[in-house]
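First up is the structure itself, then whatever we jot down about it.
The values are calculated or read from the model by the stated rules, or taken from the named source; none is laboratory data. These numbers come from a predicted model, not from an experiment. Neighbour counts are summed over all protein chains in view; Cβ atoms, including those assigned to glycine, are modelled from backbone coordinates with ideal geometry. When the accessible area is computed, the model is the full protein with side chains, heavy atoms only, and any ligands, DNA or RNA have been set aside. Shrake-Rupley method; radii C 1.70, N 1.55, O 1.52, S 1.80 Å.
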Amino acid sequence: MSVRSVVRTFSELCVTVGALIILFVVYFLFWTGVKAADAAEGEIDTLRREWAREPVAAAPPPPSPASSASAEPPAPAPYRDGKPFATMRIPRLGSGWEWPVLENTEVSTLQKGLGHYSGTARPGDTGNFAVAGHRRTYGDPFKDFPKLRPGDAVVVNDGTTWFTYRIAKRPHRTVPTDTAVVAPVPRGSGFEGAGRYLTLTTCEPEWGSSHRLVAWAHLDATRPVSEGEPPELAG
Amino acid sequence: MYGWIWRHLPGNAWVRSIIALVLVLAVVYALFQYVFPWAEPLLPFGDVTVDGASAGGAGVGQ
């Protein structure tokens with residue numbers, strides 16, 4: 001084998017590796033966004049069709065102190081893994097910002113929308129409705145996460161009710177093992193005692209994974225879907 | 001490597017160019033469809049959850 005052919009083969013390998021890297025970057029920055037937008041739209045369509053076909057079982061009635069333990073209402077059907085059950089809109093992140101919320105936080109689930117930490121509360125329930133989303137890639141749903149400010153609305157629609165949550169404080173930076181941030185009474189949020197909370201998590205820094213960024217909100221208002229969109233979404 | 005492939009393609013230069021283009025597209029398709037989706041979770045950008053928050057709290061720890 002001549003020196004010439006060795007050099008040529010080596011050069012060709014370098015060119016190939018370079019092309020592969022460029023293709024991967026294109027895939028990562030561009031193609032995942034295309035896939036996620038498509039998947040999220042499909043999930044939202046699925047939800048709308050389901051809701052149009054049969055209204056979701058009415059939201060559980062507000063707990064009345066009079067009801068005894070034995071008269072507990074039947075638990076609503078559990079969310080199915082990887083399936084959408086609600087949509088979320090955050091006007092601060094853009095007027096067209098709407099993503100489906102799917103059950104569980106598996107990798108494949110988060111490629112289609114936002115993921116609900118299974119085991120945490122349902123929207124509107126007492127406890128913590130915790131949701132994770134990509135900061136970058138797969139449509140960049142939480143790209144502008146640091147722009148969230150106290151008082152910002154997070155509107156969740158589960159097919160029967162609009163739940164309007166209000167951000168309580170600026171996004172909080174923590175480490176990935178800090179699971180207490182999605183506890184029923186999240187640590188570090190400033191909330192005291194049981195309540196109807198919402199937690200959003202994403203990665204920090206933007207392109208890294210050394211930390212997590214967390215935002216907390218509390219339930220501010222509910223509105224039956226039949227009464228139309230809440231005022232926060234207008235304009 | 002590429003010279004070897006080129007020499008082994010049938011037909012004249014035009015036919016070879018077209019076959020080469022098809023081959024390149026097939027490779028890119030395979031990469032986008034199978035290879036990159038497999039390789040992508042090995043990178044840290046998907047870690048958006050806090051660890052072990054629930055039984056299903058995956059997508060972390062890479």
Practice task
For A:GLU227, A:GLU43, give the ranking by accessible area with the largest first, probe 1.4 Å.
Solution key: A:GLU227, A:GLU43
Completion exercise
Whole-Hz Karplus couplings 3J(HN,Hα) for region A:95-103, θ = phi - 60° and coefficients 6.51, -1.76, 1.60, Gly and Pro as x, run 5, x, 6, 9, 10, x, 10, 10, 7
Handout entry: Debye log10 I(q)/I(0) at q = 0.08, 0.12, 0.13, 0.15 Å⁻¹ for chain A, Cα point scatterers
Key = -0.36, -0.69, -0.79, -1.03
Completion exercise
FRET efficiency for A:SER95 and A:GLU206 from the Cβ-Cβ distance with R0 = 25 Å, rounded to 0.05, comes out at 0.65
Exercise for the section: Quick one: net charge around A:LEU233, please, counting Lys, Arg +1 and Asp, Glu -1 for every other residue with C-beta under 10 Å from its C-beta. Expected result: -2
Fill in the blank from the handout: So A:ARG173 and A:ALA234, fully extended at 0.36 nm per residue minus their Cα-Cα distance, gain in nm 18.9 nm
Fill in the blank from the handout: In whole Hz, the Karplus estimates of ³J(HN,Hα) for region A:107-118 (6.51, -1.76, 1.60; θ = phi - 60°; x where Gly or Pro) are 4, 5, 5, 6, 7, 10, x, 8, x, 8, 4, 5
Practice task
Work out from phi, with θ = phi - 60° and the Karplus expression 6.51 cos²θ - 1.76 cosθ + 1.60, the ³J(HN,Hα) of each residue of region A:167-182, listed in order in whole Hz, and give x for Gly and Pro.
Solution key: 4, 8, 8, 4, x, 10, 9, 8, 9, x, 8, 7, 6, 5, 6, 10
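If you wrap a convex hull around the C-alpha atoms of region A:74-155 and split its volume per residue, what is the figure in Å³?
Details: hull volume 7.9 nm³, N = 82.
Taking only Cα atoms, region A:74-155 has a hull volume of 97 Å³ per residue.
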Exercise for the section: Just grab the label-to-label distance for A:LEU20 and A:ALA37, each label 7 Å out from Cα along the Cβ direction, in nm (one decimal). Expected result: 3.0 nm
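Could you tell me the calculated FRET efficiency between B:VAL35 and B:LEU9, based on Cβ-Cβ distance and R0 = 22 angstrom, to the nearest 0.05?
Here the calculated transfer efficiency is 0.40.
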Fill in the blank from the handout: Spelling it out for A:THR105: with amide H atoms placed in the peptide plane at 1.01 Å from N, the residues 5 or more places away or on another chain with amide H under 5 Å from its amide H are A:SER118, B:ALA58
Handout entry: Shape box of region B:2-41 [Cα atoms, principal axes, largest first, Å]
Key = 43, 16, 9
Handout entry: Ellipsoid equivalent to region A:134-221 - semi-axes via the Cα gyration tensor, in Å
Key = 21, 17, 11
Practice task
Taking H placed 1.01 Å from N in the peptide plane, check which residues at least 5 places from A:VAL131 or on another chain put their amide H under 5 Å from its amide H.
Solution key: A:TYR117, A:THR199, A:LEU200, A:THR201
Exercise for the section: For A:ARG173, tell me the accessible area in Å² from a 1.4 Å probe, rounded to the nearest 10. Expected result: 130 Å²
Handout entry: Amide hydrogen neighbours beyond the local backbone of A:TRP162, cut-off 5 Å, H modeled
Key = A:ARG223, A:VAL225
Exercise for the section: Wrap a convex hull around the Cα atoms of region A:10-55, take a quarter of its surface area, and give that in square nanometres. Expected result: 3.5 nm²
